[in-house]
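The values are calculated or read from the model by the stated rules, or taken from the named source; none is laboratory data. Keep in mind that what you see is a predicted model, and the values were worked out from it rather than measured. A quick note on method: Cβ atoms are made from the backbone with ideal geometry, for glycine too, and the neighbour counts reach across all protein chains shown. Accessible surface is based on the protein model in full, side chains and every heavy atom, while ligands, DNA and RNA are left aside. Shrake-Rupley method; radii C 1.70, N 1.55, O 1.52, S 1.80 Å.
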Amino acid sequence: MITTNIDLAKQVLINNGIIAIPTETVYGLAGNTFSEIAVNKIFALKKRPHYNPLIVHIKSAAWLNELACDIPDAAMLLANRFWPGPLTLLLNKKPNIPDLVTAGKPTVAVRVPNHSLTLILLEQLDFPLSAPSANPFGSISPTSAAHVYNYFKDNLEVILDGGECNNGVESTIIGFENNQPIVYRLGAISLEDIEALIGKVNFHTKNDINPAAPGMLSRHYSPNTTTYLTDDLVEMITLHPNKKIGLLLFKELVVNNSVLQQEILSKNGDLSEAARNLYAALHRLDKLNLDIIIAERLPDNGLGKTINDRLKRAVEK
Ligand code: AMP
Ligand code: MG
């Protein structure tokens, strides 16, 4: 049920149930971090492989000490600057966090989400909420309560409706090796903003067999419709004669008769607006029974890098 009833949400969570919560990134599928029953329900409903750890959502940085230890100075700098907000920190975990949540890893992923409804809910709970995105594993992330309902229908007693997600792409994930910050996943905070605060950060090297972060899997965030990513729209359209084509474009429409539907991410060429619109546009195109979706590569800076990262994974077979 789609609702704004926080009391109901709280009741379900206290009884080891799971609900959908709004955040500024995407909607999450949330349960009590300390309840293995609840966390198991999240994995089952999402059909998420157990090697994929979950992000723990806390109400404020003050909770960090209950969940993590050996917190690097750079992590505190990042937390103080970007929380509440779309930045996830990977920190050495305390033993009280179930292995199920961290997929047996020695680190826990933590963040304070920047959404008023979810912060009010967290205030009223005496446990944090583990929450991956509220979509079946590998599919397009949900940025509205309706997206979540379309995926899970009445299998979720509570879908807390907080409107459309403001940032619209997942959090940036930063971990540490020998106290050096490492990017595990590009996200809603640009690398430029992170580096302006803590200096140069390196990328975690990709490993699909035992991915450190599932957002790093080659195929993820994927529509059902075959999708291509290109720098040359006209060439890509020409390569697909007699096909029902949908376009996912940065800022300008394309004049071409063989195109059935076009989605513009930001008329003004604003990368934050483009990120906010990305998944909703993909959901709409995916519903049209097109033969193919052709996505235009965005400028490779700021949030353009994050959007390109998601599109690259969306096109993988
Ligand atoms: P989702 O919310 O579905 O995007 O999933 C949460 C993301 O956080 C996934 O990409 C997880 O792998 C990542 N994550 C959570 N905990 C850890 C961890 N201990 N190490 C690496 N990545 C993590
Ligand atoms: Mg996800």
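Please list, ordered by first then second residue, the pairs with beta carbon atoms under 9 Å, 6 or more apart or interchain, first in the range 21-46 and of a type in the set (Phe, Trp, Tyr), second open to solvent by 40 Å² or more (accessible area, probe 1.4 Å) and within 13 Å of ligand 1 (Cβ to nearest atom).
Pairs that qualify, where the first residue is of a type in the set (Phe, Trp, Tyr) and the partner is open to solvent by 40 Å² or more (accessible area, probe 1.4 Å) and within 13 Å of ligand 1 (Cβ to nearest atom), are PHE43/HIS50.
Just checking, how many residues over the range 202-228 are at pLDDT 70 or above, hydrophobic (A, V, I, L, M, F, W, C) and buried (at least 18 other Cβ atoms within 10 Å of the Cβ)? Quick ask: steps written out before the conclusion?
Here is the first cut: in the range 202-228, the residues at pLDDT 70 or above are 202-205, 220-228.
Right, trim to hydrophobic (A, V, I, L, M, F, W, C) and you get 203.
Next, only the ones that are buried (at least 18 other Cβ atoms within 10 Å of the Cβ) stay: none.
The total comes to 0.
Name every residue in the range 255-280 that is closer than 17 Å to PRO142 by Cα, of a type outside the set (Lys, Arg) and out of contact with any helix residue (DSSP H, G or I) (no Cβ under 9 Å at 6 or more places or on another chain), in order of residue number.
GLU273, ASN277 - these are the residues of the range 255-280 that are closer than 17 Å to PRO142 by Cα, of a type outside the set (Lys, Arg) and out of contact with any helix residue (DSSP H, G or I) (no Cβ under 9 Å at 6 or more places or on another chain).
Consider only pairs whose beta carbons are under 6 Å apart and that are at least six residues apart or on different chains; among these, list those whose first residue lies in the range 171-196 and is at positive phi and whose second residue is assigned to a helix (DSSP H, G or I) and among the hydroxyl-bearing types (Ser, Thr, Tyr).
Here the result reads none, with nothing in the range 171-196 linked to a residue that is assigned to a helix (DSSP H, G or I) and among the hydroxyl-bearing types (Ser, Thr, Tyr).
Any residue in the range 126-152 that is among the aliphatic types (A, V, I, L, M) sitting within a Cβ distance under 9 Å of a residue that is modelled with pLDDT under 95 and within 9 Å of ligand 2 (Cβ to nearest atom)? List the pairs, counting only those 6 or more apart or interchain.
ILE140/TYR221
Which strands (runs of 3 or more DSSP E) sit wholly inside the range 38-155 and have at least 2 residues that are away from ligand 2 (no atom under 15 Å from the Cβ)? Even if it seems obvious, please write down each step before you answer.
Working: elements: 55-57, 87-93, 107-111.
Output list reads 87-93, 107-111.
Looking at GLU164, GLU170, which is the one that is within 18 Å of the chain's Cα centre (by Cα), within 12 Å of ligand 1 (Cβ to nearest atom) and of a type in the set (D, E, K, R)? Don't jump to the end; show me each part of the working.
Details: GLU164 fails: within 12 Å of ligand 1 (Cβ to nearest atom).
It is GLU170.
What number of residues within the range 124-155 are of a type outside the set (Ser, Thr, Tyr), within 22 Å of MET1 (Cβ to Cβ) and away from ligand 1 (no atom under 16 Å from the Cβ)?
Going through the range 124-155 one residue at a time, the tally reaches 8.
Could you grab me the full set of residues in the range 156-177 that are under 18 Å from HIS115 (Cα atoms), surrounded by fewer than 24 Cβ atoms within 10 Å (Cβ to Cβ) and more than 16 Å from ligand 2 (Cβ to nearest atom)?
Answer for the range 156-177, where residues must be under 18 Å from HIS115 (Cα atoms), surrounded by fewer than 24 Cβ atoms within 10 Å (Cβ to Cβ) and more than 16 Å from ligand 2 (Cβ to nearest atom): VAL158, ASP161, GLY162, GLY163, GLU164, ASN166.
Does GLY85 count as surrounded by fewer than 22 Cβ atoms within 10 Å (Cβ to Cβ) and either modelled with pLDDT under 95 or under 17 Å from the mean Cα position of the chain (by Cα) (or both)?
Working: surrounded by fewer than 22 Cβ atoms within 10 Å (Cβ to Cβ): yes; either modelled with pLDDT under 95 or under 17 Å from the mean Cα position of the chain (by Cα) (or both): yes.
In short, yes.
Among the residues of the range 16-29, is any at positive phi, more than 16 Å from ligand 2 (Cβ to nearest atom), out of contact with any Pro (no Cβ under 6 Å at 6 or more places or on another chain) and open to solvent by 20 Å² or more (accessible area, probe 1.4 Å)? Spell out how you get there, then give the answer.
At the first step, the residues of the range 16-29 found to be at positive phi are 16.
Restricting the remaining residues to those that are more than 16 Å from ligand 2 (Cβ to nearest atom) gives 16.
Cutting the leftovers down to out of contact with any Pro (no Cβ under 6 Å at 6 or more places or on another chain) gives us 16.
Those left that are additionally open to solvent by 20 Å² or more (accessible area, probe 1.4 Å): 16.
Yes, the range 16-29 contains a residue that is at positive phi, more than 16 Å from ligand 2 (Cβ to nearest atom), out of contact with any Pro (no Cβ under 6 Å at 6 or more places or on another chain) and open to solvent by 20 Å² or more (accessible area, probe 1.4 Å).
Could you list, in sequence order, all residues of the range 138-151 that are of a type in the set (A, V, I, L, M, F, W, C) and open to solvent by 10 Å² or more (accessible area, probe 1.4 Å)?
Of all residues in the range 138-151, those of a type in the set (A, V, I, L, M, F, W, C) come to 140, 145-146, 148.
Passing the criteria: only ALA146.
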